[in-house]
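Undergrad: Can you read through this structure? Questions will come right after.
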Amino acid sequence: MYAANPVPELYRKHGVSDASFYKWRAKYGGMDLSNMTRQRELKEENQLVQCTGMKLNILRQREGGHAAGALVIIQSILAP
């Protein structure tokens, strides 16, 4: 069997402060794997949406603020 180390000893050994540990525990403590996977998916989706919004703003600025060529703009945003 493994020797049980107290949790504070483990996170301090790895350079994690008390405040960081308790903040992390409050945020993620009750999650199971499916919740964490879903949270990661939502984070990635949010980053994609933000990037898409930034691309759209750039394209709008190039077009002088007009919605001309909306299909071209949408296609260029969705292209990887």
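The values are calculated or read from the model by the stated rules, or taken from the named source; none is laboratory data. These figures come from a predicted structure and were not determined experimentally. Methodologically, a virtual Cβ is constructed for each residue, glycine included, from the backbone with ideal geometry; neighbour enumeration extends over all protein chains shown.
Undergrad: Just checking, does the range 63-77 include any residue being modelled with pLDDT under 85, assigned to a helix (DSSP H, G or I) and of a type in the set (D, E, K, R)?
TA: Among the residues of the range 63-77, not one is modelled with pLDDT under 85, assigned to a helix (DSSP H, G or I) and of a type in the set (D, E, K, R), which makes the answer no.
Undergrad: Next up: Got a number for residues in the range 6-59 being surrounded by 10 or more Cβ atoms within 10 Å (Cβ to Cβ) and outside any helix (DSSP H, G or I)?
TA: The qualifying residues number 3.
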